[in-house]
Amino acid sequence: MAGPTNVSSSALQSSGLVQHRRRLNTWQAIRAEVLRRIRAGEWPPGTLIPTEQALSVEMGCARATVNRAMRELADSGIIQRRRKVGTRVTATRSRRSTLRLPAIRDEIEGMGASYRYVMTTCEMSLPSPEAMQALQVDAQDSLLLVRSRHMADDVPHCCEAIWLNPRVLSLPDPTIFEKEPPQEWLARNLPVEQSGFSILAEGLTSDCALSLDVDPGTAVLLIERVNSLDAIPVTFARQFYSPNHRLMVDD
């Protein structure tokens with residue numbers, strides 16, 4: 001019977017390299033590796049990162065695979081791609097926003113109404129398609145989902161669902177969100193920045209319709225907000241407002 005085969009360290013290293021490259025053979029894996037380097041500080045905000053060709057050689061995959069990953073990251077605002085200039089990690093602190101959306105508490109109190117927050121559910125949940133895109137996570141990545149209502153003089157003003165990524169945030173005991181809105185906790189404890197928002201109309205689901213005391217399917221104002229920390233999106237919120245809501249923004 002043949003004895004155990006001796007494998008040289010160089011062979012093991014080569015095998016490890018092959019396995020590493022195989023793991024990076026999908027655009028999702030490339031995206032995850034780019035995000036890892038940004039989070040680790042290897043590529044700080046404003047850094048010009050290697051070209052697609054250089055990354056494809058380093059990671060042992062097709063350039064088209066790298067291109068797909070980069071497009072996804074650019075669509076989420078994590079990186080900025082400029083023709084003949086290159087690709088940089090978004091420098092969030094130097095970006096200027098033409099509109100500033102107020103915190104819901106400030107919005108309600110600015111109306112002269114009394115603010116009250118009511119958490120309805122808090123649980124680990126798989127992301128919605130919108131949360132996957134905004135936070136650049138995969139379908140199997142579990143996120144903390146907090147659903148709540150924001151009241152103005154005890155009248156439903158806004159129904160909110162916010163996803164928080166525990167892989168990039170050091171989150172507190174979730175019970176804290178029974179008393180404090182996640183957005184306010186984040187603003188008080190971490191240097192998060194609003195990195196994107198969308199304003200659209202959408203029909204209410206039955207749960208949110210019940211929270212706002214309107215009929216399911218009613219089209220209402222929806223605001224989607226993304227908060228980032230060091231150029232990485234960490235929260236994604238969908239906020240549904242009661243019919244006839246007037247959005248007030250600052251320049």
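Miscellaneous remarks
- Sequence of VAL118, VAL85, VAL66 once ranked by neighbouring C-beta atoms within 10 Å, starting from the fewest: VAL85, VAL118, VAL66
- Based on Cα contacts under 8 Å between residues 6+ apart, the stretch 186-251 shows a relative contact order of 31 percent.
- Look at GLU180, GLU33 and count the other Cβ atoms within 10 Å of each Cβ; fewest to most, that gives GLU180, GLU33.
- Computed E for ASN189/ASN25 - FRET, C-beta separation, R0 45 angstrom, nearest 0.05: 0.70
- With 0.36 nm allotted per residue and the present C-alpha distance subtracted, the VAL57-THR205 stretch has 48.6 nm of extension available.
- Cβ-defined net charge surrounding PHE177, 12 Å radius [Lys, Arg +1; Asp, Glu -1]: -4
- Ranking of VAL34, VAL89 by neighbouring Cβ atoms within 10 Å, starting from the fewest: VAL89, VAL34.
- At q = 0.16 Å⁻¹, base-10 log of I(q)/I(0) for the stretch 106-251 (Debye sum, equal scatterers on each alpha carbon): -0.89
- Rh by Kirkwood over Cα pairs, then Stokes-Einstein D for the stretch 176-251 at 0.890 mPa s and 25 °C, µm²/s: 175 µm²/s
Read-outs: derived from the displayed coordinates by stated rules, not from any lab. These numbers were taken from a predicted model, which means no experiment stands behind them. A quick note on method: Cβ atoms are made from the backbone with ideal geometry, for glycine too, and the neighbour counts reach across all protein chains shown.
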